1. Residues in the stretch 10-18: is at least one assigned to a helix (DSSP H, G or I) and among the small types (G, A, S)?
2. Taking H239 and the conditions (1) outside any strand (DSSP E or B); (2) in contact (Cβ under 8 Å) with a residue 40 or more places away in the chain; (3) open to solvent by 20 Å² or more (accessible area, probe 1.4 Å), which numbered condition does it fall short on, given that it satisfies the others?
3. Being within 19 Å of A46 (Cα to Cα) and either over 17 Å from the mean Cα position of the chain (by Cα) or more than 16 Å from the ligand (Cβ to nearest atom) (or both) is the filter here; which residues of the stretch 224-243 pass it?
4. Can you confirm whether S67 is open to solvent by 60 Å² or more (accessible area, probe 1.4 Å) and small (G, A, S)?
5. Can you name the number of the only condition in (1) in contact with a helix residue (DSSP H, G or I) (Cβ under 7 Å, 6 or more places away or on another chain); (2) open to solvent by 30 Å² or more (accessible area, probe 1.4 Å); (3) away from the ligand (no atom under 16 Å from the Cβ) that V55 fails?
6. Tell me, which helices (runs of 4 or more DSSP H) wholly within the stretch 78-193 include 1 or more residues that are under 24 Å from M220 (Cβ atoms)?
7. Name every residue in the stretch 134-191 that is open to solvent by 20 Å² or more (accessible area, probe 1.4 Å), within 16 Å of the ligand (Cβ to nearest atom), farther than 26 Å from N215 by Cβ and of a type in the set (S, T, N, Q), in order of residue number.
8. Can you confirm whether P89 is over 18 Å from the mean Cα position of the chain (by Cα), without any contact (Cβ under 8 Å) to a residue 24 or more places away in the chain and within 17 Å of L24 (Cβ to Cβ)?
Amino acid sequence: MTDRSFRFTHAIARAPSASITRGLRAVDTGTPDLGLMRAHHADYIAALRSTGATVIELSPLTDFPDSVFVEDTALCLPEGAVVMRPGAPTRLGEAAQMAPTLYALYDEVVEIKGPGTIEGGDILTTEREILVGRSARTDAKGVEELTRLVGRWGYSVREVFTPPGVLHFKTDCSLLDAETILSTERLDASGCFVGYRVIHTAEGEEACANAIRFNDIVLMPAGFPRTAEKLRAHGYDVHEIGNSECAKLDGGMSCLSLRFTPKG
Ligand code: CIR
């Protein structure tokens, strides 16, 4: 057992653009405040950097309102990077915007060509496998193409299902360490985590399931005290980051970065 699924030397983030007010959302709960989002984003990047990692901050992209959510554009593995093919039409072009950064960092970069679609938010990489949740954004053909592409590096992909009405698979779960997953009860009930240790979000705090383990810390959205306490009781070093503005656009901790250790 290694810990390469949560130890990283690098992360990529992208500054939110003023067009973020036009970002996609399932339910309109108000316009995100750009100033506050920028402040939260800066806290997020500082937390990643506090672990010693190099964080590459890309410039805002006005033409892509959701481009702060960089996770959806790629899957970064130690052996190489896979450029995704987002299923949201307004986000499709974000992948090509990310590709040059990945080509500069990795020897091997491969691309999902389609016709299927797949977004990084639906992919959970653990020590033993890559779990991909089919969703409104990720379809069977996308999963199939990813399976073929990462097979060259020896990875096995397991297709699972994102609960109806949930944006991404990782909206409802996160990796906490090599054998432990933070999950909502509704997702865990689907049986997709058999063989893992699962910690459930506290009742009524399902919206904090999207956390990230990044080196020695766990970043989770602020405002979910019972789940934070639960994780601390299990020994995790929890850092709470304001997420009120990204939450208006269905975004959480994982969406805001690509985390990786390039081989060379
Ligand atoms: C979207 O609907 O695509 C964005 N408003 C939110 C993306 C969140 N990304 C993620 O969970 N990986």
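The values are calculated or read from the model by the stated rules, or taken from the named source; none is laboratory data. None of these values were measured; they are calculated from a predicted model. Glycine gets a Cβ as well: all are built from the backbone with ideal geometry, and neighbour counts include every protein chain shown. Just the protein is used for accessible areas: all its heavy atoms, side chains included, with ligands, DNA and RNA removed. Shrake-Rupley method; radii C 1.70, N 1.55, O 1.52, S 1.80 Å.
1. Yes, the stretch 10-18 contains at least one residue that is assigned to a helix (DSSP H, G or I) and among the small types (G, A, S).
2. (1)
3. Within the stretch 224-243, Y236, D237, V238, H239, E240, G242 meet the criteria.
4. no
5. Only one criterion in (1) in contact with a helix residue (DSSP H, G or I) (Cβ under 7 Å, 6 or more places away or on another chain); (2) open to solvent by 30 Å² or more (accessible area, probe 1.4 Å); (3) away from the ligand (no atom under 16 Å from the Cβ) is unmet by V55, namely (2).
6. In the stretch 78-193, the matching helices (runs of 4 or more DSSP H) lie at 185-188.
7. S135
8. Yes, satisfied.
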